[in-house]
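Report on the structure given below.
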Amino acid sequence: AVGAGMIALPAETLDAGFIPSISGLSVCWLFTYVTSMLTLEASWLAEEESDDSNGGGFLSISKMALGIPGEVITAALFWFLLTAIVVAYTAEGGQLIAQFAKEFTDTTAITPTVGSLLFAGGFASFAIAGTSRVDIINRAFVLGLVGTFIGIVGNVSPFVQVSNLLSHSDWTAVYPAGISIGILSFGAQNVVPTILQYLNYDPEKTKKAILLGSLIPLVLYTMWEAVFLGIIDGSTVDSNSME
């Protein structure tokens, strides 16, 4: 899955350089792929042992392996994780809305707090619309993401210099910044049970979906890194200036 961490990749990996960064991303991809396959096996076993037709999720896996206490702890951890994600997206979304309003309408009436409320309200209305409509909206956003990516890469790629990609390499800077943001960008283990269910619990199809679904982000991230790190001389620019 293409994660939001993709936006921060160039800034977090500038100090390392292109070659070390791509090597680090490859390690993150391998970690994500292997752990996704382990999640698939656990999800399959949990579904086989579950009496519930919707079994195979992380709660079922936790209950199968650790009993009721494990299921409760897993539920609490997921609640914390998803709440943190919602808060992070809402806070950043509010900042973007406030910045957009200030730049294009020259008004400061919309503060980041108001922007966060507008952001949360807008996406909450999508959720209320129902699953089928959310799926349509999600597809539209994905198409917008792809179109934006193609536009940025197409417009910036003529300015890429191979010398910038090869002139700077600092392998010690790959960890922790590059690895942590890489794992965040690739993270997709949590959707493996849903993919398995969506594909009618066919493990072979799910394996192919996981492999393809992890390789596509790796290719996109490589292009993204090449474009941004290729137009910047990493030896003369501080990564903090890109944030």
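For the reader, a short list of remarks on this structure follows.
- Take every pair of alpha-carbon atoms less than 8 Å apart whose residues are at least six positions apart; their mean separation over the length of the chain yields a relative contact order of 44 percent.
- Efficiency of FRET from Cβ geometry, I19 and A124, R₀ 35 Å, rounded to 0.05: 0.20
- This structure gives Rg and Dmax of the Cα atoms in Å, computed directly, and of (i) 18.4, 60; (ii) 19.9, 65; (iii) 20.6, 61 that value is listed as (iii).
- In the range 86-191, a dipole from Cβ-located charges (positive for Lys and Arg, negative for Asp and Glu) runs towards its positive end, and of P158, S125, Y89 it is S125 whose Cα lies farthest in that direction.
- Computed from Cα positions, the angle between helix 131-156 and the longest principal axis of the chain comes to roughly 30 degrees.
- Taking the 1.4 Å solvent-accessible surface of the range 89-243 as the whole, the part contributed by carbon and sulfur is 67%.
- The chain, accessible area per residue, ligands and nucleic acids excluded (1.4 Å, Å²): 60
- Cα-based helix-to-principal-axis angle, 112-128 vs the chain, degrees rounded to 10: 40
- Between helix 18-49 and the chain there is an angle of about 10 degrees, using the helix long axis and the longest principal axis of the Cα atoms.
- For the range 68-193, a crude dipole built from +1 on the beta carbon of Lys and Arg and -1 on the beta carbon of Asp and Glu, taken about the Cα centre, is about 200 debye to the nearest 20.
The values are calculated or read from the model by the stated rules, or taken from the named source; none is laboratory data. This structure is a prediction, so every number in the text was calculated from the model and none was measured. We place every Cβ from the backbone using ideal geometry, glycine too, and count neighbours over all the protein chains shown. All accessible areas refer to the heavy atoms of the entire protein, side chains included, with ligands and DNA or RNA removed. Shrake-Rupley method; radii C 1.70, N 1.55, O 1.52, S 1.80 Å.
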